[in-house]
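To start, the structure itself, in structure tokens.
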Amino acid sequence: MSRTMAALVLCASLLAAAEGAQAVSPAELAFFHAPVHYQDTDSSDYPSDYITAFDYDADRITTNNWDNRGNGLWPATAYYSVVESCSHYFITYAFYHPRDWSDTLFDQEHENDLEGAILSVRKDGSAFGRLEGMITVFHTHFFSYTPPGSPYTNGHENIDGTLSFEMHDGISRVKTVQEAKGHGLKAWPYTSNFDGGPDQDGVVYYPTRGAGTYPLSGNDRHVAYRLVDITEPHGLWAAALSDAVQPGAHAHTFSSWGCFKGDASGGCGSGAKSCSTNAANAPWGWDDGDDGPSYRGEFALDPAHLFSHYFGGVGPFSQQYVQHPFLAGLRNAGFYSGHVPAGFPSALDLNSLYGKVVGSCR
């Protein structure tokens, strides 16, 4: 097939999907695809394994989040974002913990922890699309998965496993799992030994359209987590843009681009352990250092490129975006290639990213 013919086939496929789909909001998409989340816990410090919001303590200062952890009676929270290309929705879910902690001598801890997953959902003409693949953040490494029947194959990286699902609210939901203490995230059951059994420490979280609840103990099998748009006004992305134009000493949430501000106060690193500062990252700072040429921050800023790198067999696959709240925020804040936030990934050219945003797929 010639390149011209291939381009026409791609265009026709994308138009058919776009015209057949019913319009749904990003919030509706995020709820429909939100995972059932298995959180392993450790009895040494249950509350530090509960998911919550970065501003759970009623301020966006992140150097006091270890200190203010308290008893863990805060609403369970998951952050989400939706970036839309001409062929796919890319939906990120991120789970925040005030502490990345340890009960092991000579180990390392740090304030703040945010790890998550991104889903690639094809716009197939249905209201919510079809899940084709997922990539997760496990500390400083990414892992990739596919559901049964996905067309995706190994790309520059090998697929690490097959997704599992659980029915909830009449929806078959993908299952994710985080380890205790360090909170690395993978598809269930590829990390930790928590599978929901009655004799295990752990919390099972389910998405809700309403208010989040909180675990009654470190062994709670049904806690509702609320979904918060990471790009909403006055939220986490707004904090990043605000801190990006502040002198470092005046920033409240981020020490540099994509990196949370954290210190050693409140007992972090107590005893024979150590405490690293400014050690947690947001989606625009997530990176797998040995998966080049995928770049730091692509989870948020260029997810179509991220998936095209990790997977083969993607079929008609557009890298043009029609809705991109992260790039819109950067543009509205006055950033461009010659003027980027301090610490912005040098491998990402901001003007080139802006050029991927189109008004229409026609």
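Taken together, the values in this text are just the output of simple stated rules run on the coordinates, not laboratory data. Here the structure is a predicted model, which is why all the values come from computation and not from measurement. Backbone-built Cβ (ideal geometry, glycine too); neighbour counts: all protein chains shown.
Close amide H partners of Asp201, meaning residues 5 or more places away or on another chain with modelled amide H under 5 Å apart, do not exist here. Pick from Ser274, Ser25, Ser308: which is most flexible by mean-square fluctuation in a GNM of the chain where alpha carbon atoms under 10 Å apart are linked? For the chain, modelled as a Gaussian network with Cα springs under 10 Å, the answer is Ser25. DSSP assigns beta bridges within the chain; of those with both partners inside it, close to 70 percent run antiparallel. Here the label points at Ala347 and Gln320, each 7 Å from Cα along the C-beta direction, are separated by 2.6 nm in the simple model.
Distance from the Cα centroid of segment 255-282 to that of segment 100-157 is 23 Å (rounded to whole angstrom). Dividing the summed -39500 (n - 2.57) terms of all DSSP H runs of n ≥ 4 by the residue count of the chain sets its mean residue ellipticity at 222 nm at -4500 deg cm²/dmol.
Screening the chain for DSSP H helices whose Cα atoms reach 15 Å or more along their own axis and whose mean Kyte hydropathy is at least -1.0 gives 3-20. For segment 3-354, place one equal point scatterer on every Cα, skip the solvent, and apply the Debye formula. What is log10 of I(q)/I(0) at q = 0.09 Å⁻¹? For segment 3-354 at q = 0.09 Å⁻¹, log10 I(q)/I(0) is -0.47. Of all the options Pro283, Pro47, Pro233, the one that moves most in a Gaussian network model of the chain with Cα springs shorter than 10 angstrom is Pro233.
Rounded to the nearest 0.05, what FRET efficiency do Asn219 and Thr104 give with R0 = 30 Å and r taken as the Cβ-Cβ distance? Could you check? Intermediate results must be reported in sequence, preceding the final value.
On the way: r = 22 Å, r/R0 = 0.73.
The value I calculate is 0.85.
Ordered by packing density, taken as the mean number of other Cβ atoms within 10 Å over each peptide's residues, highest first, how do 143-149, 296-302 rank?
On the way: 143-149: 18.3, 296-302: 25.1.
Listed from highest to lowest mean packing, they are 296-302, 143-149.
Remind me, relative contact order of segment 3-354 in percent, using alpha carbon pairs under 8 angstrom and six or more residues apart? Worked out over segment 3-354, it gives 22 percent.
For the cross-link pairs Lys186/Lys273; Lys186/Lys261; Lys123/Lys175; Lys123/Lys181; Lys181/Lys261, which exceed 30 Å when the distance is taken from alpha carbon to alpha carbon? Walk me through the numbers before you get to the answer.
Working: Lys186/Lys273 26 Å; Lys186/Lys261 25 Å; Lys123/Lys175 22 Å; Lys123/Lys181 37 Å; Lys181/Lys261 19 Å.
Beyond 30 Å between Cα atoms: Lys123/Lys181.
Annotation: for a label point projected 7 angstrom from Cα along Cα→Cβ of Thr277, no residues of segment 218-237 have a backbone N closer than 16 Å. The distance between label points at Val358 and Ala333 comes to 2.7 nm (points 7 Å beyond Cα on the Cα→Cβ vector).
Given Cβ point charges of +1 (Lys, Arg) and -1 (Asp, Glu) and nothing else, what value in debye, to the nearest 20, does the dipole of segment 3-354 about its Cα centre take?
Numbers: 18 positive and 40 negative charges, 198 e Å.
Here segment 3-354 has a charge dipole of around 960 debye.
Just Ser318, Ser43, Ser85 to compare: in a GNM of the chain, with alpha carbon springs under 10 Å, which one fluctuates most? Taking springs between Cα atoms under 10 Å, the residue moving most is Ser43.
For segment 55-155, averaging the sequence separation of C-alpha pairs within contact (under 8 Å, six or more residues apart) and dividing by the residue count gives a relative contact order of 18 percent.
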